[in-house]
Amino acid sequence: MQAWIMLGAAGLLEIVWAIGLKYAEGFTKPVPSAITISAMVVSMWLLAQAARDLPIGTAYAVWTGIGAVGAALLGIMLFQESANLMRIGCIVLIVLGIAGLKLSTPG
């Protein structure tokens, strides 16, 4: 269970650094850049810790899935990115894939 909690936290921090990339503007803004790089480092460390107990394929897929869903949703909310039916449907499919991996992996 602890591995899944670490993986969830790693995924949330992946969202932080993905969105941070937009605010860092190519790492030209110091504060957003520092937040983004810090989130990257901690996210990767948490992923590595979770992967000690979970299959790497599952851990990596869940980590990137959480990041992708979060970044896509925040992109819609913060940056007025497209929210068309096809895009929302694909986000739902990613969520279903994450849930399927969680349900099919012991631990």
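The values are calculated or read from the model by the stated rules, or taken from the named source; none is laboratory data. Everything numeric here is computed off the predicted structure, so don't read it as measured data. We place every Cβ from the backbone using ideal geometry, glycine too, and count neighbours over all the protein chains shown. Each accessible area value is taken on the protein alone, full model and side chains, heavy atoms only, with ligands, DNA and RNA left out. Shrake-Rupley method; radii C 1.70, N 1.55, O 1.52, S 1.80 Å.
Scan segment 82-105 residue by residue and report those that are part of a loop (DSSP other than H, G, I, E, B), open to solvent by 70 Å² or more (accessible area, probe 1.4 Å) and modelled with pLDDT of 95 or more. Of everything in segment 82-105, just one residue is part of a loop (DSSP other than H, G, I, E, B), open to solvent by 70 Å² or more (accessible area, probe 1.4 Å) and modelled with pLDDT of 95 or more, namely ASN84. Of GLY67, GLY20, all but one fail to be surrounded by 12 or more Cβ atoms within 10 Å (Cβ to Cβ) and free of Cβ contacts under 8 Å to residues at least 40 places away in the same chain; the exception is GLY20.
For segment 40-57, how many residues are surrounded by fewer than 19 Cβ atoms within 10 Å (Cβ to Cβ) and part of a helix (DSSP H, G or I)? The total comes to 9.
Within segment 67-91, restricting attention to residues that are among the aliphatic types (A, V, I, L, M) and within 15 Å of the chain's Cα centre (by Cα), which residue is farthest from ALA18 (Cα to Cα)? Don't jump to the end; show me each part of the working.
First, the residues of segment 67-91 that are among the aliphatic types (A, V, I, L, M): 68-69, 71-74, 76-78, 83, 85-86, 88, 91.
Among the residues that remain, those that are also within 15 Å of the chain's Cα centre (by Cα) are: 68-69, 71-74, 91.
Values: ALA68: 9, VAL69: 11, ALA71: 6, ALA72: 10, LEU73: 12, LEU74: 10, ILE91: 16 Å.
Per the criteria, the residue is ILE91.
Step by step: first the residues of segment 29-39, then only those that are of a type outside the set (Lys, Arg) and surrounded by fewer than 17 Cβ atoms within 10 Å (Cβ to Cβ), then the one that is farthest from MET1 (Cα to Cα). Which residue is that? So, considering only residues that are of a type outside the set (Lys, Arg) and surrounded by fewer than 17 Cβ atoms within 10 Å (Cβ to Cβ), the one farthest from MET1 (Cα to Cα) is PRO30.
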